[in-house]
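Quick notes on the structure that follows.
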Amino acid sequence: MSRGPDILFVKPGSQRQIYGRLSDYDLTAIEPPLWGAILGGHLRGLGYAVEILDAEAEGLGWDEAAREAVDRGALLTVVMASGHNPSASTMNMTGVGAIAGRIRELAPRMALALTGLHVSALPERTMREEACDFVVQGEGLRTLPPLIDALKAGAGSFAGIPGLWRREDGRIIPSSLPAMWEDLDTLPLPAWDLLPMPVYRAHNWHCFDDVSRRRPYATLYTSLGCPYHCSFCCINALFGEHRLRTRGVDAVLAEIDFLVNTFGVRNIKIMDELFAVNEKRVLALCEGIAARGYDLNFWAYARVNTVTERMLAAMKRAGVNWIAYGFESGSKRVIEAVSKGYKPEQVARVVEMTYAQDQHICANFIFGLPEDDYDSMQETLALMQEINAEWANIYSAMAYPGSKLYDEAVAQGLPLPASWNGFSQYSRDCLPLPTRHLTGGQVLAFRDYAFDAYYRNPRYLSMIRAKFGEETMRHIQAMSAKHLERDHLAV
């Protein structure tokens, strides 16, 4: 008989394992487990007792997290392989596996499930390799209530539960993605009160205007999913379809009101894969936020081929000071090969529009896409420096499970990282996907070179000092002085 809650969600603490020397908390964000809060709010609304253990926020190592989970004594413990962008789930599997394995050692009879984007992409492999009773494939909204009920009944009958992979008589019993939750406005607010909200902190760049004001911080969705088919993206492995579901404007505004008035939140990340897509909706939402007069600092994603001047102006009035664009590559040939869906010549106009609103750009670039060679990667570096965005995420192409790149890599027998940790962009054992012309090690070496070339560029540093001041410039210099250790540069 369980002495604890009906369900406990566990978020592993994996900062140092994933980010290596960049794991210094002065640089990285401490982000809330939003999916744990969403599922927690949903289940609590149905009458279940819910707890959330954020091992990262609490500073718990994997063994400590496992012991704490066992002490909580939940009927069902769910370890979450999730993160705040599509690349963040797979790299967290090292911590997920370590915590699940230790829980199994400490409490062999405790019901244990794994969930998240990665396990939804590879449910059968997860069941084979990890110490768990169940894998929850998909969002979990339709899977967890009947699973808890079956555990409470004690009959051991889990047949017919949508999205639930399980073991039976030594065999793995498969399932399939359940139907998506269509009306997102029927979900209650995420269970923010179950999280240590004062601990969460925004990314350093999100607060370049004042790096001392990175707390309080929260994240939220105004929509789920994405209608596009970029070959390097795995986000829709969690949903099963390439389409967008949106929340009503009033529901989003109510959540923002709650976060501001209850926790004093100022810094907010809009988690949507594609926020700036429907001009009418963006205008209505941003006008509602602006009318409240809050002092907010948002960042949100936009696409080169969907954002408009009217959107940007409305977003600025609402406090959306940072726009994140997936420019990816400076090569037309490379962009077309990954079905990105925009023309490179659109980039200059979008950059001009954004700066005209006095907004800042978080520019995303990927080195090592399938058609990349040294010439095309040099084109990308040139574009990076031409745009001179206030922040640039500089990635290597990784074949994340759930993406078309992963399926192609497996089918072609291409080298993949030996561990899930190797899918982390900043880890020592990071191994990017080889291109048709370059090895993964060559891509990685160029990526690290491009990082240094960008953040040490005098033109960039001068721009940062002019916009944000001497302290922020020195903050960036301290960041760029941290050298990553790499095992695969010569591969």
Tell me whether segment 121-133 contains one or more residues that are of a type in the set (A, V, I, L, M), crowded, with 24+ Cβ neighbours inside 10 Å and in contact with a strand residue (DSSP E or B) (Cβ under 6 Å, 6 or more places away or on another chain). no
Mind checking which residues of segment 445-471 are under 21 Å from Asp358 (Cβ atoms) and either of a type in the set (A, V, I, L, M, F, W, C) or part of a helix (DSSP H, G or I) (or both)? Arg459, Tyr460, Leu461, Ser462, Met463, Ile464, Arg465, Ala466, Lys467, Phe468, Glu470, Glu471
Evaluate segment 412-433: report whether one residue or more is over 18 Å from Cys234 (Cβ atoms) and acidic (Asp, Glu). yes
Asn236 passes all but one of the listed conditions (1) touching a strand residue (DSSP E or B) at 6+ places or on another chain (Cβ under 6 Å); (2) at pLDDT below 95; the exception is number (1)
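Residues are listed down the side, and each one gets a yes or a no for (1) assigned to a strand (DSSP E or B); (2) within 24 Å of Ile235 (Cα to Cα); (3) acidic (Asp, Glu):
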site: Leu283; (1), (2), (3): no, no, no
site: Glu287; (1), (2), (3): no, no, yes
site: Tyr294; (1), (2), (3): no, no, no
site: Thr306; (1), (2), (3): no, yes, no
site: Ala313; (1), (2), (3): no, no, no
site: Trp322; (1), (2), (3): yes, yes, no
site: Tyr325; (1), (2), (3): yes, yes, no
site: Val334; (1), (2), (3): no, yes, no
site: Val351; (1), (2), (3): no, no, no
Somewhere in segment 74-90, is a residue at pLDDT below 95, crowded, with 24+ Cβ neighbours inside 10 Å and of a type in the set (Val, Ile, Thr)? yes
Sole miss for Tyr217 among (1) surrounded by 20 or more Cβ atoms within 10 Å (Cβ to Cβ); (2) in contact with a Pro (Cβ under 9 Å, 6 or more places away or on another chain); (3) closer than 30 Å to Cys132 by Cα is condition (3)
Within segment 472-483, can one find any residue that is part of a helix (DSSP H, G or I), among the β-branched types (Val, Ile, Thr) and buried (at least 19 other Cβ atoms within 10 Å of the Cβ)? yes
Leading residue by the ranking (nearest to the chain's Cα centre (by Cα)) among those in segment 92-132 that are closer than 19 Å to Pro178 by Cα and not in a helix (DSSP H, G or I): Gly116
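So that you can scan it fast, the table gives a plain yes or no per residue for (1) closer than 22 Å to Ala237 by Cβ; (2) among the polar types (S, T, N, Q); (3) in the same structural domain as Phe298 (by TED's automatic domain parsing); (4) in contact (Cβ under 8 Å) with a residue 12 or more places away in the chain:
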residue	(1), (2), (3), (4)
Gly156	no, no, no, no
Ile161	yes, no, no, yes
Asp169	no, no, no, no
Pro178	yes, no, no, yes
Pro188	no, no, no, yes
Asn204	no, yes, no, yes
Arg214	no, no, yes, yes
Restricting segment 423-443 to residues that are free of Cβ contacts under 8 Å to residues at least 60 places away in the same chain and within 22 Å of the chain's Cα centre (by Cα), the residue that is surrounded by the fewest Cβ atoms within 10 Å (Cβ to Cβ): Asp429
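The values are calculated or read from the model by the stated rules, or taken from the named source; none is laboratory data. If you're wondering where the values come from, they're calculated on a predicted model, not measured in any experiment. Please note: Cβ atoms are built from the backbone with ideal geometry, for glycine as well, and neighbour counts cover all protein chains shown.
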